[in-house]
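The values are calculated or read from the model by the stated rules, or taken from the named source; none is laboratory data. Source: prediction; values computed, not measured. Quick reminder, even Gly has a Cβ in these numbers, built from the backbone with ideal geometry, and neighbours come from all protein chains shown.
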Amino acid sequence: MKVKNFLQDVSGASRVTRARLKAFEQASPALDGTDPIGEAARTWHPGPAELIITQIRDTGKTAKTIRFARPDGGKLPPFYAGQYMVLTFCIGSSIVSRPYSISSAPWQARQDQDPFVEITVRRSRGDGFVCDYIHENLKPGDTVVCDLAYGQFYYEPLRDARHVLALAGGVGITPFASMAKEIAAGKMDCDLTILYGSVSSDDILLKEELEALEGDHVKVVHVLSGEDPSWQGERGFLTAELIRRYSREDTSCFICGPQAMYRFLREELKSLSIPRRRIRFEVFGQARDITSFEGYPAELSGKTFRLSVWRGIHEDVIPARADESIATALERAGIRIRTGCRSGECGLCRTKVLAGSFYVCPEGDGRRAADKDFNYVHACSAYPTGDLKIKIPIL
Ligand SMILES: Cc1cc2nc3c(=O)[nH]c(=O)nc-3n(C[C@H](O)[C@H](O)[C@H](O)COP(=O)(O)OP(=O)(O)OC[C@H]3O[C@@H](n4cnc5c(N)ncnc54)[C@H](O)[C@@H]3O)c2cc1C
Ligand code: FES
């Protein structure tokens, strides 16, 4: 970059000032009613809105893909392949939200004819709440409050290598399905190799859809960890050896899957000399078992505290379990709180703690230094360790 000398800089700055003053003098005294920046912001983030379910189909033995459209048939907000949307439901007396990666491609949300977005939701193995509600209750014609799009887990050519090695586990395939669709349609310029780990072939989601996308720029390699004598493909976990074999000279690793897979892969990736900037993890999600984290006061497990919740001048006192986040306590009590990532990252659930003690999940502490100083927490990753008093916005 060329650095000019002091006099050139000063004369350059005064030229700008003169040009500005001239523009002010020539401007019309009438107010300009247009707001292009506000318009752009509203297009990208219109906020939560009801979308209608137009289709539900099985995309694996344990998963369903749900298609949403706007009730007026209009285009949906733009998003990057890999981002997620947040769905909110009233289930019994609870008001709950969950993030789901968008498994359709961005171009499908912006096409002229029948634009849509899709998510692919896996049924739980018996411990689910919202995912099982989705499987058992949703049907075409229903409307759901959806908020899109969020998240940083997308391809950025200025930052990422041209070859992306996607390391997917289970339902973690969904953001890569979106990327593969975008690449196959010629809308995204990179090469994607997906190493997709499943226990058995029955656990593979979106199998046929992914196979149909394979070509010059998209490759899918299934890796099974369970016993299956008839399986001809790759076996075991997504190990360092496998990652090395499918990497190119310059490769970005994108990782999305269950929390146990993240822990395993962090260790495997250490043994490869991949620069840190070439490794990207999707957010962690709600801690499966907070009591297993370092520093969690084990003696609190099973305890319930009093959570005093202030909204404006109104106070509610609700129960809050020590092993559930503050966000979950509010949702169980039917108190609305905005959430996005449920991983401590996005800050949508930022909450002021007025009094009391709490534990913050070490893998989900996305608070800024000032938030820590002024006693703010992210309600999705903070857990009461005694009676607590908080203040939340009125929604
Ligand atoms: C960025 C991101 C993207 C994701 N993408 C996908 C995806 O593409 N597909 C997919 O299937 N999943 C995805 N998930 C996971 C998804 O958000 C849900 O966690 C998953 O569907 C399981 O939801 P669940 O409520 O059944 O279980 P959990 O999220 O594990 O929630 C269970 C918890 O709900 C709480 N709970 C129980 N009963 C109640 C009640 N009555 N009221 C209030 N709370 C209660 C309890 O704390 C319980 O532990 C993604 C997660 C993240 C973070
Ligand atoms: S929902 Fe994103 S930080 Fe809590």
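Tabulated data
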quantity: Top-ranked residue in segment 155-207 [being of a type in the set (Ser, Thr, Tyr) and assigned to a helix (DSSP H, G or I); ranked as farthest from Phe281 (Cα to Cα)]; calculated: Ser201
quantity: Options Asp127, Asp132, Asp191, Asp160; residue that is more than 16 Å from ligand 2 (Cβ to nearest atom), of a type in the set (Asp, Glu) and modelled with pLDDT under 95; calculated: Asp127
quantity: Filter result for the condition that a residue is touching a Lys or Arg at 6+ places or on another chain (Cβ under 9 Å) and without any contact (Cβ under 8 Å) to a residue 40 or more places away in the chain, over His217, His135, His222, His163; calculated: His222
quantity: Which numbered condition Thr174 fails, given (1) in contact (Cβ under 8 Å) with a residue 12 or more places away in the chain; (2) surrounded by fewer than 19 Cβ atoms within 10 Å (Cβ to Cβ); calculated: (2)
quantity: Checking Ile37 against (1) more than 27 Å from Pro175 (Cα to Cα); (2) surrounded by 11 or more Cβ atoms within 10 Å (Cβ to Cβ), the condition it does not meet; calculated: (2)
quantity: Output for segment 353-394, where each listed residue is surrounded by 14 or more Cβ atoms within 10 Å (Cβ to Cβ) and of a type in the set (A, V, I, L, M, F, W, C); calculated: Val353, Phe358, Val360, Cys361, Val377, Ala379, Cys380, Ala382, Leu388, Ile390, Ile392
quantity: Segment 339-376: number of residues that are more than 15 Å from ligand 1 (Cβ to nearest atom) and without any contact (Cβ under 8 Å) to a residue 24 or more places away in the chain; calculated: 11
quantity: Residue in segment 110-164 that is surrounded by the fewest Cβ atoms within 10 Å (Cβ to Cβ), counting only those that are among the basic types (Lys, Arg) and within 15 Å of ligand 1 (Cβ to nearest atom); calculated: Arg125
quantity: Qualifying residue in segment 72-84 (condition: assigned to a strand (DSSP E or B), at pLDDT 95 or above and not polar (S, T, N, Q)); calculated: yes
quantity: Segments classed as strands (runs of 3 or more DSSP E), wholly inside segment 223-333, with at least 3 members that are in contact with a strand residue (DSSP E or B) (Cβ under 6 Å, 6 or more places away or on another chain), crowded, with 19+ Cβ neighbours inside 10 Å and of a type outside the set (Val, Ile, Thr); calculated: 251-256
